[in-house]
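For reference, the structure is listed below as structure tokens.
The values are calculated or read from the model by the stated rules, or taken from the named source; none is laboratory data. Predicted model only: the values in this text are computed from it and were never measured. With ideal geometry, Cβ positions are generated from the backbone for all residues, glycine too; neighbour counts draw on all protein chains shown. Each accessible area value is taken on the protein alone, full model and side chains, heavy atoms only, with ligands, DNA and RNA left out. Shrake-Rupley method; radii C 1.70, N 1.55, O 1.52, S 1.80 Å.
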Amino acid sequence: MKKIISLLLTAALFAALGLPALAAEPEGHSQMDVAGAPSGLVMTADGSLLVTDVYNKCVWKVSRGESTRYAGQEGVLDKDGEPIGGYKDAALEESFFKEPWAIAPFLDGWAVSDAANNVLRLIREKGVETINASSHDSRLTSGGMGVAYDRPTGLAVDASGNLYVSNTGTGDIICISNRGYATVYCSGLDAPTGLCWFNHALYVAETGANRVVKIVMNKPQVVAGSGEQGSEDGPAAAASFSAPTGVAVGPDGTVYVADTANAAVRRVRDGRVDTILAPVDGELSHAPVSPRGLLLRGDELLVCDSYARTLISLPLD
């Protein structure tokens, strides 16, 4: 597997790209009223948002602009005053996460990929537990806690309730049935991260390959990206991305991409790629710094910017 840019996009990356270590908040205000690092998000039945926060090591519930801690606690702080997090299955307010990356509906709760702990967690009404899927698939390693993961990140759920997991460290997509049985859905990808299920296909932000693919019948097909690192718009097959980590698909099939290392949001429509949000002449005040999780909500696209610590609302035409 090719050496990829860190999924956390550290300050060293931004220095290499010539970007400031901390940008001003994008135009408009954040959709969250707390200082955190949003990474993934999902909408609940009542229209609220559940947002994973890799800084505060928790999941927030955001309703009408107000954020309340839904699961996970701050716990011990390091010498710089930043939460360390941990690993504890317990009641919602007593549980610990290390790096809650993405969130998706699963069974009667919400699956969370706890990337630094190399586990999947399940948030239910009464508390947080670990998803211990079983498998006889020889390609999967199993232990005392079921299937083992190597930095699980992106999550998606299909119409039948099956959960798909980007096992980023191995380049596999794992499918967990609603009965708790795991198989390898697709293998051989280069650091897959963000996922989205749409119209019988799984869309994948293939971070290490600088492209977006969709998996149909267990086989990946290129949606956009030449594989070369860059920021070129144009025909989908010739366009370039730089470490994309998020993907969302609209009802008309338009694909939105969090082009993370380019600090941009891109769109794939009618066989072409265009940029809908990006720095202008190097100025980041009207663009994300490190876009990651994406969610379509009506006529807007919500963009998690874990580095700038903001949740952006981008109106769509």
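Some points to look at:
- Pair list, Cβ < 8 Å and 6+ apart or interchain, from the stretch 207-228 residues that are outside any strand (DSSP E or B) to residues that are among the charged types (D, E, K, R) and open to solvent by less than 60 Å² (accessible area, probe 1.4 Å): T207/D190; G208/D190; A209/D190; G225/E206
- Within the stretch 52-88, being acidic (D, E) and without any contact (Cβ under 8 Å) to a residue 24 or more places away in the chain holds for E74, D78, D80.
- Filtering the stretch 256-273 to residues that are of a type outside the set (S, T, N, Q) and touching a Lys or Arg at 6+ places or on another chain (Cβ under 9 Å) leaves Y256, V257, A258, D259, V273.
- Residue among A111, A116, A91, A104 that is without any contact (Cβ under 8 Å) to a residue 60 or more places away in the chain and surrounded by 20 or more Cβ atoms within 10 Å (Cβ to Cβ): A111
- Residue count for the stretch 37-61, restricted to those that are in a strand (DSSP E or B) and buried (at least 24 other Cβ atoms within 10 Å of the Cβ): 10
Let's see how each residue does on (1) more than 27 Å from E82 (Cβ to Cβ); (2) in a strand (DSSP E or B):
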position	(1), (2)
A239	yes, no
A287	no, no
R292	no, yes
L301	yes, yes
Y307	no, no
L311	no, yes
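- Qualifying positions in the stretch 277-310 - aliphatic (A, V, I, L, M) and at pLDDT 95 or above: L294, L295, L296, L301, L302, V303
- Some residue of the stretch 139-156 being surrounded by 15 or more Cβ atoms within 10 Å (Cβ to Cβ), under 18 Å from the mean Cα position of the chain (by Cα) and polar (S, T, N, Q): yes
- Residue among G194, G250, G230 that alone is of a type in the set (G, A, S), out of contact with any Lys or Arg (no Cβ under 7 Å at 6 or more places or on another chain), at pLDDT 95 or above and over 19 Å from G293 (Cβ atoms): G230
- If you filter the stretch 159-199 down to residues that are under 15 Å from N132 (Cα atoms) and in a loop (DSSP other than H, G, I, E, B), you find that the one that is most open to solvent (accessible area, probe 1.4 Å) is R179.
Residues are listed down the side, and each one gets a yes or a no for (1) at positive phi; (2) surrounded by fewer than 20 Cβ atoms within 10 Å (Cβ to Cβ); (3) hydroxyl-bearing (S, T, Y):
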| residue | (1), (2), (3) |
| --- | --- |
| A239 | no, no, no |
| G246 | no, no, no |
| V249 | no, no, no |
| V255 | no, no, no |
| D270 | yes, yes, no |
| T275 | no, yes, yes |
| P291 | no, no, no |
| S306 | no, no, yes |
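- Which numbered condition L202 misses (of (1) modelled with pLDDT of 95 or more; (2) assigned to a loop (DSSP other than H, G, I, E, B); (3) in contact with an Asp or Glu (Cβ under 8 Å, 6 or more places away or on another chain)): (2)
- Hits in the stretch 200-237 - residues which are small (G, A, S) and surrounded by fewer than 22 Cβ atoms within 10 Å (Cβ to Cβ): A201, G208, S226, G227, G230, S231, G234, A236, A237
- Of the residues in the stretch 65-81, not one is of a type in the set (A, V, I, L, M), open to solvent by 30 Å² or more (accessible area, probe 1.4 Å) and under 27 Å from I176 (Cα atoms).
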